Amino acid sequence: MTIEANRAADWDHLVRHTFIDFTQTTEFLKQPVIISKADRITYTDVHGKEFLDGLSGVYAVSLGHNHPRLNQAVSSQLERVTLAPPMHGIADVSLQLVAALGAVAPPDMTFVKSFSGGSEANEAAFKFARQYHRLTGNPSKYKILSCYDSYHGATAGAMAASGTGSRKTAFEPQMGGFLKFLPPAYLTQAAGSPETATNLALHLLERQIDGEDASTIAALIIEPVIHLAGIAVPPAGWLEGVLALCRTHEIILIYDEIITGIGRTGQMFGAQTFGVAPDILTCGKGLSSGVLPVSAMVTRPDLAEAFIGAEADQRHFNHGHTFASNALTSAVGVEVLAIMEEEDVCANSQAQGRLVKETLKEWQTELPIANVRGEGLLVGFDLVSEPGSPDVNQGLGPVLRRKAIDHGLIMRVQPTWGALAPPLVCTEQETWQILERFREAILDAWDAAA
């Protein structure tokens, strides 16, 4: 079947035969975005309209679209091997990815297993934690702690760990053994200050660990920056306090760095940005710059040592995927990390992130935005009723989402907050283009909402 690009009815017909992620089809068809090509920070749809990518696809296209070196990495690997037999061997390039990730991860975190997506990496981390405790004499440790407003993936275990409310309701009952706690962002208004909220959150978490019995808790997973809490940056002492509780109670601490990893917060990982390293971290999205699905679980060799033994002992990690440690995706990951280092992309993430934050903070006196926050090129803000107001505007988000598309801007918009997270390689000129496009969109949305 041949589809002509100027036949909107044909595209609409095909859209009705698929799903758009977390989106009602009837709403999508009111303002369809059907992409035909992309280059650097620009998407072009099937009708020739261009959109600036202020979200890196979905926090993934770290090095921009259509990167020639990544295209070449795929082409070269296609001519060598794309899939090694996963139960019999591993590709040489997959081991190169192990070395490359281990070289940029927090100190001593050099044990790497790669997968296809973030959900897979987080599922692997849960299984690793549970089996580790079983192998080290603590078989009763199986529960996974996570916080409200977190998002850890769409597969059953990752979804059960997520604290995203209505996103999960359609699939109840959830898998057992997953428990939620309140992060400081939930408590700041009631507590009166970030410091008091942090202390209260840590106190409540400690009481929950005691109440559940620490001998039943295998792991705690947390995003260094909690995305769906509105880009909630950890207050001082929060990550340090969580780590201390995990150490006290022999709980494996997992960082979900699917969004925050690979330079997004201005360092290679959020663990380095905030100076607190976990036992396990997971990464994805930017690891392939959106070229192919690739993710990874990264941990310390001393933890992985628990899985070594005689074959008869059945100590091996009892987990795998057909496309785990895939040769083609590994080749892309290796090249991404090489470019990140050679071009000092993390430094550019810091510089462009400062520009975005400083500009948005200045615009708080003119635009209905407040509480600009973030690290690197991961910047969030609240949507308020008017400049300088503390009152969240519940009606502005849906309008801004539509107006951003009208003005040719892809960005993250929730009902009460928004975020900008463009590719980490943006030049200052490109960053300003995105900022100006955002300014036009939110002024239009503010006027329309009023």
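Here are a few things to note about the model shown:
- Length gained on full extension, Ser76 to Ala312, computed as 0.36 nm times the residue gap minus the Cα-Cα distance: 80.9 nm.
- Membrane-span-like helices in the chain, defined here as complete DSSP H runs extending at least 18 Å along the helix axis by their C-alpha atoms with mean Kyte-Doolittle hydropathy no lower than 0.5, are 92-104, 327-342; this is a sequence and geometry rule, not a statement about a membrane.
- Formal net charge of residues neighbouring Arg354 (Cβ-Cβ distance under 12 Å; K, R +1; D, E -1): -1
- Net charge of neighbours whose Cβ lies under 13 Å from the Cβ of Val384, counting Lys and Arg as +1 and Asp and Glu as -1: -4
- With 0.36 nm allotted per residue and the present C-alpha distance subtracted, the Ala448-Ser166 stretch has 98.8 nm of extension available.
- In percent, rounded to a whole number, the relative contact order of the chain is 20, using alpha-carbon pairs under 8 Å and six or more apart.
- With Cα atoms defining each centre, region 341-390 and region 46-80 are spaced 25 Å apart in the structure.
- Applying 1/(1 + (r/R0)^6) with r as the Cβ-Cβ distance of Glu436 and Val392 and R0 = 41 angstrom yields a FRET efficiency of 0.95.
- What you get for the chain, charging only the Cβ of Lys and Arg (+1) and of Asp and Glu (-1), is a dipole of about 740 debye around the Cα centre.
- The modelled label-to-label distance for the pair Asn138/Lys37, using points 7 Å beyond Cα in the direction of Cβ, is 5.5 nm.
- Electrostatic tally near Thr188: other residues with Cβ closer than 15 Å to its Cβ, Lys and Arg +1, Asp and Glu -1, net -2.
- The number of Lys pairs in the chain with C-alpha atoms less than 20 Å apart, excluding pairs fewer than 8 positions apart on the same chain, is 14.
- Take 266-279, 334-347, 165-178 and order them by the average number of nearby Cβ atoms within 10 Å per residue, most first; the result is 266-279, 334-347, 165-178.
- For region 235-385, the fraction of alpha-carbon pairs lying more than 20 Å apart is 62 percent, rounded to a whole number.
- Using 0.36 nm per residue and subtracting the Cα-Cα separation, the extra length available between Ala103 and Thr155 on full extension is 15.8 nm.
- Three-way shape label, region 360-439, alpha-carbon gyration tensor, a/c 1.5: prolate
- For the chain, share of DSSP beta bridges that run antiparallel, in % to the nearest 5: 65
- Centroid-to-centroid separation of region 291-326 and region 112-156 [C-alpha atoms, Å]: 12
- Projecting the Cα atoms of Ala324, Ala156, Ala219 onto the dipole axis of region 70-342, where Lys and Arg carry +1 and Asp and Glu carry -1 at the beta carbon, places Ala156 farthest toward the positive end.
Readers should treat all values here as calculations from the given coordinates under stated rules, not as data from a laboratory. Predicted model only: the values in this text are computed from it and were never measured. Glycine gets a Cβ as well: all are built from the backbone with ideal geometry, and neighbour counts include every protein chain shown.
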